[in-house]
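K.L.:
Okay, here's the structure, questions in a sec.
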Amino acid sequence: LTRQRLNRTLLLRQHLLERVAMTPEEMVRHLVGLQAQENLPPYLSLAARLTTFDPYDVSRQLEQRELVRLLTMRGTIHLLTPEDAAVLRPWVAPRIEQEVRVSQSIGNARDIERPAAEAALREVLADGPLPQKEIGLRLAERFPYPATQLGQLARSIAPLAQLPPRGCWKAPGAVVYDYFDRRTGVPMAQPDVPELVRRYLRASGPATAADVTAWSAVTRLGPVLKAMDDLVQHEDEDGRVLYDVEGAPIADEDLPAPVRLLGAYDNVWLAHAKRDRVTDPAKRDIWMGVNGAQLRTVFVDGWLEGLWHADDGKIVVTQLQRRLTEREQSELDAEIERVEALLAR
């Protein structure tokens, strides 16, 4: 499979070649979650993929507990269906535990014996959800560590869901936590790892074990993929084995890829180890910043070609890496109009 064909296949499976008629919940489930560390990116991701999209639908589904925000893949907040969150959090727990051991924001609070910390957190949240700041302050009455460290520890050692209005459309609010299962009524469950891998491949494949690790931060997946005798195998131009779900579509190289304005951390960017399916190494450098990314991304003909930001509701495109064709410029203008209409909602 050529790099160009892998590019188009990824965009096809991510629904970035053509918008589709799905609900936000259906798209979130298909993508196995959307990175949602900041509020806006998941809305941009959904608007880029859905034929019609009302951002307030996401707010309503968060309020009605049909979607949830939870610390999962790569130790970051994701927008998920409750059923997916219930299996993803246990699967990625070892990665979150690694973060506890090295996190500067948790600091020496990590030294608290885990059973004692978990029991104290249950006491603190016994009467219902609380802001993270208040959780930290109440834990500081029990342990001799800064409240900020204890608040960070709490979100890592227990499956605490972020409650609305956090994550709702244009509804800023403090970070308030409650136990995921109490919030959603969905109990934590043991993950079916092969099925999670299959779902990742349906949305982001074909892929290597390293790619699945880049997406999830779960390691030692090579033996898992090799043991899945229902998977098919391809090779890329470098001879690497790429695993895939049998019957999953492989796109033609010449499929058109319209201009899309995405967030800094869209799934299409996070799904593979090298990110070379959507960018050249030299152009990837424009994305890199002090904290890993500067601005939001512009994809032209399927590849990262620039960055953008919003200034008083108007889209400002910067650092375009090449001159656009007349058709591409027309697509960019249409996409800008579409995103500006979203931001004006």
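The values are calculated or read from the model by the stated rules, or taken from the named source; none is laboratory data. Quick caveat: nothing in here was measured; it's all calculated off a predicted structure. Virtual Cβ from ideal backbone geometry, glycine too; neighbours counted across all protein chains shown. SASA here: full protein model, heavy atoms, side chains in, ligands and nucleic acids out. Shrake-Rupley method; radii C 1.70, N 1.55, O 1.52, S 1.80 Å.
K.L.:
Please compute the per residue accessible area over the range 87-192 with all protein chains in place, 1.4 Å probe, rounded to a whole number of Å².
P.N.:
Accessible area per residue, the range 87-192: 50 Å².
K.L.:
Note down the net charge around D276, summing +1 for each Lys or Arg and -1 for each Asp or Glu among other residues with Cβ under 9 Å from its Cβ. Display every interim value, and only then the final one.
P.N.:
Values: positive: R3, K274, R275, R277, R284; negative: D280.
It works out to a net charge of +4.
K.L.:
Now for a separate question. Could you work out the relative contact order of the chain, using alpha carbon pairs under 8 angstrom and six or more residues apart, expressed as a whole percent?
P.N.:
Relative contact order for the chain comes out at 20 percent.
K.L.:
Solvent-accessible area of Y56, probe 1.4 Å, all protein chains present, reported in Å² to the nearest ten, please.
P.N.:
For Y56, solvent-accessible area is about 80 Å².
K.L.:
Quick one: Karplus J couplings for the range 140-145, per residue in order, coefficients 6.51, -1.76, 1.60, θ = phi - 60°, nearest Hz, x for Gly and Pro?
P.N.:
Per-residue couplings from phi come out as 5, 6, 10, 10, x, 9 Hz.
K.L.:
How much of the accessible area of the range 1-82, in percent, comes from carbon and sulfur atoms when a 1.4 Å probe is used?
P.N.:
The value for the range 1-82 is 48 percent carbon and sulfur by accessible area.
K.L.:
Which number do you get for Rg(Cα) / (2.2 N^0.38 Å) in the range 57-141?
P.N.:
Output field value: 1.23.
K.L.:
Projected onto the charge dipole of the range 45-135 (+1 at Lys/Arg Cβ, -1 at Asp/Glu Cβ, origin at the Cα centre), which of P90, L67, P129 gives the Cα projection farthest towards the positive end?
P.N.:
Going by the charge dipole, the pick is P90.
K.L.:
Dividing the alpha-carbon Rg of the range 86-242 by 2.2 N^0.38 Å yields what?
P.N.:
1.27
K.L.:
What residue among V175, F53, Y200 has its Cα farthest toward the positive end of the dipole of the chain, where the charges are +1 on Lys, Arg and -1 on Asp, Glu, each on the Cβ?
P.N.:
It is V175.
K.L.:
Nearest 20 debye, what's the magnitude of the dipole of the chain about its Cα centre given +1 on Lys and Arg Cβ and -1 on Asp and Glu Cβ? It would help to have the intermediate numbers written out before the result.
P.N.:
Values: 44 positive and 50 negative charges, 166 e Å.
Its charge dipole is roughly 800 debye.
K.L.:
Something else: Give me the percent of the accessible area of the range 124-209 that comes from carbon and sulfur atoms, probe 1.4 Å, all protein chains in place.
P.N.:
Of all accessible area on the range 124-209, carbon and sulfur atoms account for 55 percent.
K.L.:
Separate question: Which residues' amide hydrogens lie under 5 Å from the amide hydrogen of R296, considering only partners 5 or more residues apart or on another chain, with H built in the peptide plane?
P.N.:
Under 5 Å from the amide H of R296 lie the amide H atoms of W308, each far enough along the sequence or on another chain.
K.L.:
To the nearest 20 Debye, how big is the dipole of the range 3-131 about its Cα centre, given +1 on the beta carbon of each Lys and Arg and -1 on that of each Asp and Glu?
P.N.:
On the way: 17 positive and 17 negative charges, 163 e Å.
Here the size comes out at about 780 debye.
K.L.:
Please report the net charge: other residues with Cβ closer than 13 Å to the Cβ of L221, K and R +1, D and E -1.
P.N.:
+3
K.L.:
Using helices alone, what [θ] at 222 nm do you get for the chain, with -39,500 (n - 2.57) per DSSP H run of 4 or more residues, divided over all residues and rounded to the nearest 500? Walk me through the intermediate numbers first.
P.N.:
Details: 15 runs with 146 residues, N = 345.
Estimated from H runs of four or more residues: -12500 deg cm²/dmol.
K.L.:
Further question: Taking H as built 1.01 Å from N, whose amide H comes closer than 5 Å to the amide H of W169, not counting residues under 5 places away?
P.N.:
Placed amide hydrogens put S59 under 5 Å from W169.
K.L.:
At a Cα cut-off below 24 Å, give the lysines reachable from K283, other chains included and same-chain residues fewer than 8 away excluded.
P.N.:
Answer for K283, where 24 Å is the Cα cut-off: K274, listed by chain and number.
K.L.:
Give me the compactness ratio for the range 203-328, meaning the Cα radius of gyration over 2.2 N^0.38 Å.
P.N.:
My calculation over the Cα atoms of the range 203-328 gives 1.21.
K.L.:
May I ask you to evaluate 6.51 cos²θ - 1.76 cosθ + 1.60, the Karplus curve with θ = phi - 60°, for each residue of the range 201-213 and list the ³J(HN,Hα) values in order in whole Hz, giving x for glycine and proline?
P.N.:
Each residue's phi maps through the Karplus curve to give 5, 4, 9, 9, x, x, 7, 8, 4, 4, 5, 5, 5 Hz.
K.L.:
Kirkwood-based Rg over Rh for the chain (C-alpha set), two decimals?
P.N.:
0.98
K.L.:
Could you list which residues have their amide H under 5 Å from that of L242, counting only those 5 or more apart in sequence or on another chain, with H placed in the peptide plane?
P.N.:
Those qualifying (amide H under 5 Å, at least 5 residues apart or on another chain) are H234, E235, D236.
K.L.:
Right, another one. Tally Lys/Arg at +1 and Asp/Glu at -1 over every other residue whose Cβ is under 10 Å from the Cβ of V175; what's the total?
P.N.:
+4
K.L.:
A further question follows. With +1 on the Cβ of every Lys and Arg and -1 on the Cβ of every Asp and Glu, and nothing else charged, how large is the dipole of the range 142-207 about its Cα centre, in debye rounded to the nearest 20?
P.N.:
180
K.L.:
Just the accessible area per residue of the range 194-263, please: how many Å² with a 1.4 Å probe?
P.N.:
Using a 1.4 Å probe on heavy atoms only, each residue of the range 194-263 averages 45 Å².
K.L.:
Normalised by the residues of the range 233-345, what does the relative contact order come to in percent, with Cα pairs under 8 Å and at least six apart?
P.N.:
23
K.L.:
I need the phi-derived Karplus couplings for the range 302-313: 6.51 cos²θ - 1.76 cosθ + 1.60, θ = phi - 60°, integer Hz, Gly and Pro marked x.
P.N.:
x, 10, 5, 10, x, 10, 8, 8, 9, 10, 6, x
K.L.:
Which of A86, A171, A47 ends up with the largest GNM mean-square fluctuation for the chain, with Cα atoms connected below 10 Å?
P.N.:
Its mean-square fluctuation being the largest, the pick is A171.
K.L.:
Calculate what fraction, in whole %, of the accessible area of the range 237-345 sits on carbon and sulfur atoms when a 1.4 Å probe is rolled over the protein chains.
P.N.:
Here it works out to 48 percent.
K.L.:
Next up: Could you point to the residue in V224, W303, L150 farthest towards the positive end of the chain's charge dipole, with +1 and -1 charges on the Cβ of Lys/Arg and Asp/Glu respectively?
P.N.:
L150
K.L.:
Taking the alpha carbon gyration tensor of the range 35-87, what are the square roots of 5 times its eigenvalues, largest first, to the nearest whole Å?
P.N.:
They are 18, 14, 9 Å, listed from largest to smallest.
K.L.:
So which aspartates and glutamates can K314 reach, going by Cα to Cα under 17 Å and dropping same-chain residues fewer than 8 places off?
P.N.:
The reachable aspartates and glutamates, counting only those whose Cα sits under 17 Å from K314, are E331, D333, E335, E337, E340.
K.L.:
If you rank E237, E118 by how much accessible surface each has, with a 1.4 Å probe, what is the order from largest down?
P.N.:
Of E237, E118, the descending order of accessible area is E237, E118.
K.L.:
Just tell me which lysines come within less than 29 Å, Cα to Cα, of K133; anything on the same chain fewer than 8 places away is out.
P.N.:
K170
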